[in-house]
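Here the structure is laid out as structure tokens; the discussion comes afterwards.
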Amino acid sequence: MTMPRGGSNALLSFETIADRMELTKRTVLDNYRNWNIPIVRISDRILRVRERDFEAWLDARTE
């Protein structure tokens, strides 16, 4: 089964985001605010990124 373009409402970890961007997790953690990646705050220490928000963010930056 393939996902429709734009992703799902699944919540992705920063490790998953880093893997998809082929960067280290530390790089993503250090820069997600500057890059304006939309996050979902689960708690004070747990942050996630909704897959569809990440895909839209990435598409907006693709030339």
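The values are calculated or read from the model by the stated rules, or taken from the named source; none is laboratory data. This structure is a prediction, so every number in the text was calculated from the model and none was measured. With ideal geometry, Cβ positions are generated from the backbone for all residues, glycine too; neighbour counts draw on all protein chains shown. To get the accessible areas, we keep the full protein, side chains included, count just its heavy atoms, and leave off ligands, DNA and RNA. Shrake-Rupley method; radii C 1.70, N 1.55, O 1.52, S 1.80 Å.
Numbers at a glance
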{"quantity": "Carbon/sulfur fraction of accessible area - the chain, other protein chains in place, 1.4 Å, %", "calculated": "46 percent"}
{"quantity": "The chain: relative contact order as a whole-number percent, Cα under 8 Å and 6+ apart", "calculated": "41 percent"}
{"quantity": "Residue 27-residue 42 pseudo-label distance in nm [points 7 Å out on the Cα-to-Cβ vector]", "calculated": "2.4 nm"}
{"quantity": "Interchain or long-range residues, amide H under 5 Å from residue 50's placed H", "calculated": "12, 40"}
{"quantity": "Å² of accessible area per residue within the chain, as computed with a 1.4 Å probe and no ligands counted", "calculated": "76 Å²"}
{"quantity": "Structure-based [θ]222 nm, the chain - -39500 (n - 2.57) summed over DSSP H runs of at least 4, per residue, nearest 500", "calculated": "-13500 deg cm²/dmol"}
{"quantity": "Two-decimal ratio, the chain, of alpha-carbon radius of gyration to 2.2 N^0.38 Å", "calculated": "1.09"}
